[in-house]
Amino acid sequence: MKKRVFSGIQPSGHLHLGNYLGSIRNWVRDLDSHDNIFCVVDQHAITVDYDPAVLRSNVRELVGLYLACGLEPDKCCLFVQSHIPEHTELAWLLTCVTPMGWLERMTQFKDKVGAKRERAGTGLFTYPTLMAADILLYRTHEVPVGNDQKQHVELTRDIAERFNRKFGEVFIVPEPVIAAVGARIMGLDDPTAKMSKSAPGDHHSIGLLDDLKKIRKTIMRAVTDSEQSIVFDPARAGLFNLLSIYQALTGQEQAEIETHFAGKGYGDLKKQVAEVVIAEIEPIQARYRELTADPTYIDGVLADSVDQLRPIVDATMDEVRRAMGHR
């Protein structure tokens, strides 16, 4: 029996190279070895100020890119979170068994609200329980995440274990899975910050739908340092980031890459990074244009996935409701 995988990305901006290398490409690689469920978590996107029209557009773009990157509908379920209302029902039930102290320790909440804690929406505070519901609803075994999301999966494990102690063995306790290479791609204009959909600046990230000339320009302008040798040194953040991208796309070992670039300069490195990035992204863009030419295709994929997931959702929620005394 294949292990079930669940993961998702917020439609809060445009997908970039960090999303692709850190998550999506790994999902595609493992499609045949797992029972795969992937979600556009649009309800997470409303915990901060947003434009409804932009949200709808981003959801469609994200689904199209998922498909263009290789998430084949016959090998996975791909759906939008709000299309299955049991996500929010289970989130409320889990909120009622989650201590406030657990949520107060979540570092992402502290980072996002900063000094504006009193004005932050309660959804931003409690959204880790919605993330837990996303995962636990499907009896998930593994959750592929970046290092920055590992704490959320650990909280999900704590919530599942607490629920099971109080109400019986209902939930599977999931495991976080972090990719060894390419799991954390940094900004090209600031290699000390993770590449982000929401970061300002024209040359911070590489969007999967960016013009190819812009992609090349962004890489050629990437921040490096004044040293000469091209080696994998985490202390040299800009260089390390470029080499990490190159390694993730070529699959070569660090020693092999260092030998390849021995005696060469940063210009040579950036040109070759640009070439491998464009070679990866160009066919994705072509496939995206083909898939989105017919809007009904995406509608059909989303509806079919909801239908396939309905028996799992109904079975989980029936057991949860009975355990909590609601049936």
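The values are calculated or read from the model by the stated rules, or taken from the named source; none is laboratory data. In this text the structure is predicted, and so the values were computed from the model without any measurement. Reconstructed Cβ throughout: ideal geometry from the backbone, glycine too, with neighbour counts over all protein chains shown. Heads up: the accessible areas ignore ligands, DNA and RNA and are worked out on the full protein's heavy atoms, side chains in. Shrake-Rupley method; radii C 1.70, N 1.55, O 1.52, S 1.80 Å.
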Here the residues within the range 12-46 that are within 20 Å of Leu208 (Cα to Cα) and either part of a loop (DSSP other than H, G, I, E, B) or β-branched (Val, Ile, Thr) (or both) are Ser12, Gly13, His14, Leu15, Ile24, Val28, Val40, Val41, Asp42
Positions within the range 1-56 being hydrophobic (A, V, I, L, M, F, W, C) and touching a residue at least 60 places away in the same chain (Cβ under 8 Å), in sequence order:
Val5, Phe6, Leu15, Leu17, Leu21, Trp27, Ile37, Cys39, Val41, Ile46, Val48
Within the range 308-318, residues being open to solvent by 70 Å² or more (accessible area, probe 1.4 Å) and within 19 Å of Ile159 (Cβ to Cβ) number 0
Taking the residues in the range 265-324 that are without any contact (Cβ under 8 Å) to a residue 60 or more places away in the chain and in a loop (DSSP other than H, G, I, E, B) as candidates, determine which candidate is farthest from Arg4 (Cα to Cα).
Gly265
Test: Gly64 is surrounded by 17 or more Cβ atoms within 10 Å (Cβ to Cβ), in a helix (DSSP H, G or I) and touching a residue at least 60 places away in the same chain (Cβ under 8 Å):
yes
Note on Leu209: of the conditions (1) assigned to a helix (DSSP H, G or I); (2) under 27 Å from Tyr66 (Cα atoms); (3) open to solvent by 50 Å² or more (accessible area, probe 1.4 Å); (4) not hydroxyl-bearing (Ser, Thr, Tyr), unmet is (1)
Restricting the range 109-139 to residues that are modelled with pLDDT of 90 or more and of a type in the set (D, E, K, R), the residue that is most open to solvent (accessible area, probe 1.4 Å):
Arg139
Being at pLDDT below 95, β-branched (Val, Ile, Thr) and buried (at least 18 other Cβ atoms within 10 Å of the Cβ) narrows it down to one of Ile37, Ile24, Ile46, so name that one.
Ile24
Which residue is nearest to Thr47 (Cα to Cα), if the candidates are limited to the range 140-151 and must be at pLDDT below 80 and part of a helix (DSSP H, G or I)?
Asp148
Filtering the range 31-43 down to residues that are under 15 Å from the mean Cα position of the chain (by Cα) and either aliphatic (A, V, I, L, M) or over 25 Å from Leu90 (Cα atoms) (or both) yields Ile37, Val40, Val41
With (1) in a helix (DSSP H, G or I); (2) modelled with pLDDT under 95; (3) over 17 Å from the mean Cα position of the chain (by Cα) as the list, and Thr192 as the residue in question, which single condition is left unmet?
(1)
Tell me whether the range 214-230 contains one or more residues that are within 22 Å of the chain's Cα centre (by Cα), open to solvent by less than 30 Å² (accessible area, probe 1.4 Å) and within 19 Å of Arg25 (Cβ to Cβ).
yes
Residue in the range 272-279 that is modelled with pLDDT under 95 and open to solvent by 40 Å² or more (accessible area, probe 1.4 Å) present:
no
Would you confirm whether or not the range 244-257 contains a residue that is within 25 Å of Cys39 (Cα to Cα), open to solvent by 10 Å² or more (accessible area, probe 1.4 Å), assigned to a helix (DSSP H, G or I) and among the small types (Gly, Ala, Ser)?
no
Mind listing whichever residues of the range 231-243 are open to solvent by 10 Å² or more (accessible area, probe 1.4 Å) and aliphatic (A, V, I, L, M)?
Val231, Ala235, Ala237
Among the residues of the range 163-189, how many are among the basic types (Lys, Arg) and either assigned to a strand (DSSP E or B) or surrounded by fewer than 16 Cβ atoms within 10 Å (Cβ to Cβ) (or both)?
2
Name the residues in the range 124-167 that are in contact (Cβ under 8 Å) with a residue 40 or more places away in the chain and among the β-branched types (Val, Ile, Thr), would you?
Ile135, Thr140, Val143, Val145, Ile159
Go through the residues of the range 259-271 one by one and say whether even a single one is open to solvent by 50 Å² or more (accessible area, probe 1.4 Å) and under 20 Å from Gly18 (Cα atoms).
yes
